[in-house]
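Engineer: Structure incoming, see below.
The values are calculated or read from the model by the stated rules, or taken from the named source; none is laboratory data. Just so it is clear, the structure is predicted and the values come from calculations on it, not from any experiment. Don't worry about glycine lacking a Cβ; one is built from the backbone with ideal geometry, like all the others, and counts go over all protein chains shown.
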Amino acid sequence: MPGTLTQDQIDRYRQDGYVTPVSAISAERAGALKSRYDALRALGETEATATLRSKPHLVLPWLYDLVLDPAVTEPVSAILGPNLLAWGSSFFAKPAGDPGYVTWHQDANYWGLEPHEVLTAWIAFSPSRRENGCMRMIPGSQDAGALDHRDTFAKDNLLTRGQEVAVKVDEARAVDIILEPGEMSLHHVGIVHGSEANISAIPRIGFAIRYIASHVRQIGGRTTATLARGVDEHGHFDPEPRPGADYDADGLAFRANALARQHAVLYAGAEKRPGHLRFGGNAELWIRRPRARLKRCMKSRRRGNGSHRAPSQSASRSTRRRRNVPHNAARRRRCDFYCIVDILVATTRCTTMASRSSSSGTLGETSFFQKSLW
Ligand SMILES: O=C(O)CCC(=O)C(=O)O
């Protein structure tokens, strides 16, 4: 019988915004899961292994089973109630000596989920200590409301945008979340938390599952979620199926589509968006070219000329006739036609590239996304 939380643990979660350590799975099972993770990582950077960063449970059945495992969901439901969905999952891994760190941030700022009955179960597959970069929490900060954040996009920051709170954090109040393999911590979506680099010889590997109560909604668009426990009596999310086998084609395709939909919500307002990096400078150029043409047209229209090509504002009617220059209205029509063609060409090119990259399952896995999605 999996353990639930004691009343004291529930009270601590409500007061501090987190509770730790919570027994979840056995140390042996955590070790076996870590071995599977290590085996995949040893394959190097492939389209398949890139999925470890976001919603890997949609392509690896043994992770899907962990997301649904009562050993994890029982304590979570002591806080969120009997009906749980998993909105996301992600590995946060720091190999020995890894410079990767996580700046102080609140998850709630980026996820667009309301109400905030949302928590993360962070399951340790390895020991997690101060020296190897364990998570750190600022107790009670979940009650501070939404703090301003800025995007840093710093190289070693494990977060997608390198996001950090834009206010000074009193680090003297930070608490280290020390875990043994198989233990987990539960943290509130609004708590300020982060972690430092791994300066030890011991890898730090954690699997984070984002659970939501089933009445929680995604603001800004419909996305997908996994029914982890109980029933989904609200239907705010499209259900996510269990993959048949590691990296089978259906799982990969479903995940790529689910992430594309989630990105549309997660990157709203980001300084860098998937399009910038996936398309490189070209898409920008294609967009800029018709825009520039449009601007020139508008300018020459203002001058009463209607053409961006051969302004002949100053030429007399007879000179224009001699030069065989069409009437302003005809020029204006031609100018509008060129603009429309340009815009259509730009849109078609961008759409083709987007569908090419999503059908190959690489959506969101370019350099910007070499990081966890959260
Ligand atoms: O694993 C870490 O260091 C940070 C994880 C994190 O920010 C999260 O799970 O919300």
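Engineer: Looking at (1) away from the ligand (no atom under 15 Å from the Cβ); (2) closer than 24 Å to D38 by Cβ; (3) in contact with a Phe, Trp or Tyr (Cβ under 8 Å, 6 or more places away or on another chain), find the lone condition where E196 falls short.
Structural biologist: (1)
Engineer: What tally of residues in segment 238-262 results from selecting those that are part of a loop (DSSP other than H, G, I, E, B) and surrounded by fewer than 22 Cβ atoms within 10 Å (Cβ to Cβ)?
Structural biologist: Keep residues of segment 238-262 that are part of a loop (DSSP other than H, G, I, E, B), which gives 240-248.
This time we only want the ones that are surrounded by fewer than 22 Cβ atoms within 10 Å (Cβ to Cβ), so: 241-242, 244-248.
The qualifying residues number 7.
Engineer: Would you be able to say whether some residue in segment 157-164 is assigned by TED's automatic domain parsing to the domain that holds H105 and in contact with a Leu (Cβ under 6 Å, 6 or more places away or on another chain)?
Structural biologist: Kept after step one, since they are assigned by TED's automatic domain parsing to the domain that holds H105, are these residues of segment 157-164: 157-164.
Those still in the list that are in contact with a Leu (Cβ under 6 Å, 6 or more places away or on another chain) too: 160.
Yes: segment 157-164 contains one or more residues that are assigned by TED's automatic domain parsing to the domain that holds H105 and in contact with a Leu (Cβ under 6 Å, 6 or more places away or on another chain).
Engineer: Here is a follow-up. Quick test of your reading of the structure: H215 fulfils all but one of (1) over 23 Å from A146 (Cβ atoms); (2) assigned to a loop (DSSP other than H, G, I, E, B). Name the failing condition by number.
Structural biologist: Of (1) over 23 Å from A146 (Cβ atoms); (2) assigned to a loop (DSSP other than H, G, I, E, B), only one is false for H215: (1).
Engineer: Could you check segment 28-58 and list, in sequence order, the residues that are in a helix (DSSP H, G or I) and touching a strand residue (DSSP E or B) at 6+ places or on another chain (Cβ under 9 Å)? Don't jump to the end; show me each part of the working.
Structural biologist: Our first condition is that a residue be in a helix (DSSP H, G or I); within segment 28-58, this holds for 28-41, 49-53, 56-58.
Of everything in segment 28-58, those that are in a helix (DSSP H, G or I) and touching a strand residue (DSSP E or B) at 6+ places or on another chain (Cβ under 9 Å) turn out to be A30, L33, K34, Y37, D38, R41, L52, R53, P56, H57, L58.
Engineer: Every residue in segment 216-244 that is in contact with a His (Cβ under 9 Å, 6 or more places away or on another chain) and either small (G, A, S) or at positive phi (or both), please.
Structural biologist: Hit for segment 216-244 is A225, nothing else.
Engineer: While we're here: Away from the ligand (no atom under 14 Å from the Cβ), assigned to a loop (DSSP other than H, G, I, E, B) and under 18 Å from the mean Cα position of the chain (by Cα): does that describe G190?
Structural biologist: Judged against the criteria, G190 is not a match.
Engineer: Can you name the number of the only condition in (1) free of Cβ contacts under 8 Å to residues at least 40 places away in the same chain; (2) in contact with a Gly (Cβ under 6 Å, 6 or more places away or on another chain) that K94 fails?
Structural biologist: In the conditions (1) free of Cβ contacts under 8 Å to residues at least 40 places away in the same chain; (2) in contact with a Gly (Cβ under 6 Å, 6 or more places away or on another chain), K94 misses (1) alone.
Engineer: Output the residues belonging to segment 24-62 that are of a type in the set (A, V, I, L, M, F, W, C), closer than 16 Å to S126 by Cβ and buried (at least 17 other Cβ atoms within 10 Å of the Cβ). Walk me through it before giving the result.
Structural biologist: Restricting attention to segment 24-62, the residues satisfying the condition of being of a type in the set (A, V, I, L, M, F, W, C) are 24-25, 27, 30, 32-33, 39-40, 42-43, 48, 50, 52, 58-60, 62.
Right, trim to closer than 16 Å to S126 by Cβ and you get 24-25, 27, 30, 32-33, 39-40, 42, 52.
Residues satisfying the conditions are A24, I25, A30, L33, L40, L52.
Engineer: Please state which one of A24, A86, A78 is under 17 Å from the mean Cα position of the chain (by Cα) and within 27 Å of G140 (Cβ to Cβ). Working first, answer last.
Structural biologist: Values: A24 fails: under 17 Å from the mean Cα position of the chain (by Cα); A78 fails: under 17 Å from the mean Cα position of the chain (by Cα).
Going through A24, A86, A78 in turn, the sole match is A86.
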